[in-house]
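In what follows, a structure is listed as structure tokens, so that the remarks can point back to it.
Just so it is clear, none of the values below were taken in a lab; they were calculated from the coordinates. This one's a predicted model, so the numbers in the text were calculated from it and none came from an experiment. A quick note on method: Cβ atoms are made from the backbone with ideal geometry, for glycine too, and the neighbour counts reach across all protein chains shown.
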Amino acid sequence: MNGLGYMELDKRSADLLFQVLTEREETASVAIASNDSFGGWTKTFTDPRLCSAIVDRLAFNATIIETGTDSYRLAHSRAQRAGQH
């Protein structure tokens, strides 16, 4: 999955994602990228209990890599523009 947090998920979509994460828990890896912190995921998962359950599933025995708040794409674009002048 890539780009979690760009769109609000309707209840059915959020429930299906929760089901997939539950079935994969402790049996297979899951990689998710998001520009938002876990606290900001309530915008994507509007049901607070479901949001909490999804974060719980993802964070349990997880390796969380925080790369910072700067966008790689934005920094790359700025560097390219700076090099053109």
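Taking square-rooted eigenvalues a ≥ b ≥ c of the alpha carbon gyration tensor, is the range 16-55 rounded, prolate or oblate, where a/c under 1.5 means rounded and, failing that, a/b exceeding b/c means prolate? Each step should come with its number before you reach the end.
Details: a/c = 2.59, a/b = 1.46, b/c = 1.78.
In terms of gyration-tensor shape, oblate.
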Extension length gain for S13 and A82 (0.36 nm per residue less Cα distance), in nm, is 20.7 nm
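Tell me the mean residue ellipticity at 222 nm calculated for the chain from its helices only (DSSP H runs of n ≥ 4, each -39500 (n - 2.57), averaged over every residue, nearest 500).
On the way: 3 runs with 39 residues, N = 85.
Theoretical 222 nm ellipticity from helices: -14500 deg cm²/dmol.
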Set the Förster radius R0 to 25 Å, insert the Cβ-Cβ distance between A75 and D36 as r into 1/(1 + (r/R0)^6), and round the FRET efficiency to 0.05. 0.90
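Using r as the Cβ-Cβ distance of T46 and T67, and R0 as 25 Å, what FRET efficiency do you calculate, to the nearest 0.05?
Details: r = 26 Å, r/R0 = 1.05.
After rounding to 0.05, the efficiency reads 0.40.
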So if each residue of separation counts as 0.36 nm, and I subtract the Cα-Cα distance between D56 and E26, what length gain in nm does that give? 9.5 nm
